[in-house]
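What follows is calculated from the coordinates using simple rules that are stated; it is not laboratory data. Only a predicted model underlies this, so the values are computations on that prediction, with no experimental measurement involved. Please note: Cβ atoms are built from the backbone with ideal geometry, for glycine as well, and neighbour counts cover all protein chains shown.
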Amino acid sequence: MGFERFGSKSFTSQAKVAEFVDYLDKGELAYTKCRTCSQAYFPPRADCANCLGNDMEWIAFKGNGKIVTFTHTMYAPTGFEADAPYTIVVVELDGLKVLGRMNKEVPVDTLSVGMSVKVEIVKLPDGQVTYEFLPA
Amino acid sequence: MPKDVAVVGVGQSAFVRGYPGSIRELAFEAFREAMQDAAITVKDVGASIVCSAPEYDKQRTPSGLIAEYLGLIPQPTFIVENVCSSSTSGIRVAYSLIKSGLHDVVVVLGFQKMSEITSQDSQERMGRGADIMFESPFGTLMPAYYAMHARGHFSKYGSTEEDLALIRVKAAGYGVLNEKAVYRKAVTLEQAMEAGPVCSPLKVFDCCANADGASCVILASADKAKEISKEPVYILGMGAASAPMNVTGRSTFSGLDCAKLAGQEAYEMAGVGPQDIDVAEVHDCFTIAEMMAYEALGFAEPGKGPELIRNRETYKEGKIPVNVDGGLLSKGHPIGATGGSQVRTIVLQLRDKAGAIQVPGAEIGLVHNIGGVGIYGNVIIFGR
Ligand SMILES: [Zn+2]
């Protein structure tokens, strides 16, 4: 299995970082860190732009994050119509930033920049896997 | 202050919803106007650069088709694409072609016929203008990204939805005067504030409309410009920069780093500062984009952009008139044509031919054109 299982709709089939999906299957959201120069990356990368190396280790995010910014969209692109409205959020987690959605049950008027959130892995009925955020 | 390359002709089609013609015919409308403005023939043209975001085109490799229809065969032609900033990137390439001595006269033709696909499919394509591996699977879309910047600006500086609404009120007021704009109705503060939500905190009137349109900018070497043009407008400075496409790589959500860097580079090359700019066209695909441009370009200190619009300093009579042609908010935003349209407005201003929106005595003008949500930033400074 490759990267096509990430998200309710993936636009990429093969990727060297497809292990990202294996971590989601294990219930973890993971990033990569260069073993040569210690640069950490989210989104995860197979190659290090800092030292040109490719010796990466996978590390699961731990703990809670903080909302950096968010928006509640009433409209959705083709392929996501059934999901709207939904809240897109950027969260700072373990010193990195992560983009995702808030859990749909969380009212947008309860959110604020700086608010504490936790990540949760979501397994969709069709076998796809993704993650979302919930108030911590 | 270099004066090596000049604009000698500008043209623009009307920006409309559902242009009743093909892309070649749309392109010709802008081309005809620019060629008549420059008063040259196709034999004078050394090369053409066609600027368009190709995902809207059913025509594959449109530069060949467009150049043929414009009569610019057998001269070299190629496409330059940087989504919403395609045509100012085309101008940057034209500048280097001319300054290198390869060509004397270069046509930069930007076009987009967005109505060939539905608005929803258009959003889907724009969503894929983000990182398709790690952003698009969440159903991201252009207004959502700018909305997250609005939230970032609000939370850092205390700016408000009303500050953004005031920007739309200004744009709409000038849009009424622009015969080539797609939206030509005034918008009151109340209407802007009560409009339906799109992506919070952005509402309907915070967003520009898709449109079909074409723009054409003809550039020439200084020597050639003096020979053929009574009123050349020179490129005094240019800056360009990029930023991470995936917004998680950005340093801030209260501004666009690529715009700031491009602005600094352009000011440095031109040897001028923000206080020297008489009139500016900034990339206001959303109201928040204009607010961030005020600050990126140094028209206001970071966080002080709201004061500029509250005090009407960016109106025609203000300290730094911005988007007095109605901006993208009124004109519409036909991706590949947008930057060329901004340049046209500034060139007309510097020639003292801008009619009802003329800023009296304008000598130095600035264009700020952004591709994607701050992926690509181009700033060009023009002078007489
Ligand atoms: Zn490294």
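Data for the structure
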| item | result |
| --- | --- |
| Of B:N178, B:N82, B:N246, the one that fluctuates the most in a GNM where chain B has Cα springs shorter than 10 Å | B:N246 |
| Positive dipole terminus of the protein assembly as shown, leading residue within B:T118, B:I375, B:G271 (C-beta point charges) | B:G271 |
| Scattering curve values for the range A:3-135, log₁₀ I(q)/I(0), Debye with Cα scatterers, q = 0.13, 0.16, 0.21, 0.22 Å⁻¹ | -0.58, -0.87, -1.32, -1.38 |
| MRE, 222 nm, helices only [DSSP H, n ≥ 4, -39500 (n - 2.57), over the protein assembly as shown, to nearest 500] | -8500 deg cm²/dmol |
| Residues B:S242 and B:E179, FRET efficiency given R0 of 35 Å [Cβ-Cβ distance, rounded to 0.05] | 0.50 |
| Over the range B:258-381: Rg over Rh, Cα atoms, Kirkwood Rh | 0.92 |
| Per-residue mean of C-beta atoms belonging to partner chains within 10 Å, peptide B:124-135 | 4 |
| Highest-fluctuation residue, A:D22, A:D83, A:D47 considered, GNM on chain A with Cα pairs under 10 Å | A:D83 |
| Mean-position separation - Cα centroids, the range A:84-123 and the range B:252-326, in angstrom | 32 |
| Estimated inter-spin distance, B:K58 and A:K62, nm [label 7 Å along Cα→Cβ] | 5.7 |
| The range B:34-113-the range B:184-241 distance, computed between alpha-carbon centres (Å) | 18 |
| Cα-Cα pairs of the protein assembly as shown separated by more than 45 Å (percent) | 14 |
| Within the range A:3-135: Cβ-based charge dipole about Cα centre, in debye rounded to nearest 20 (Lys, Arg +1; Asp, Glu -1) | 240 |
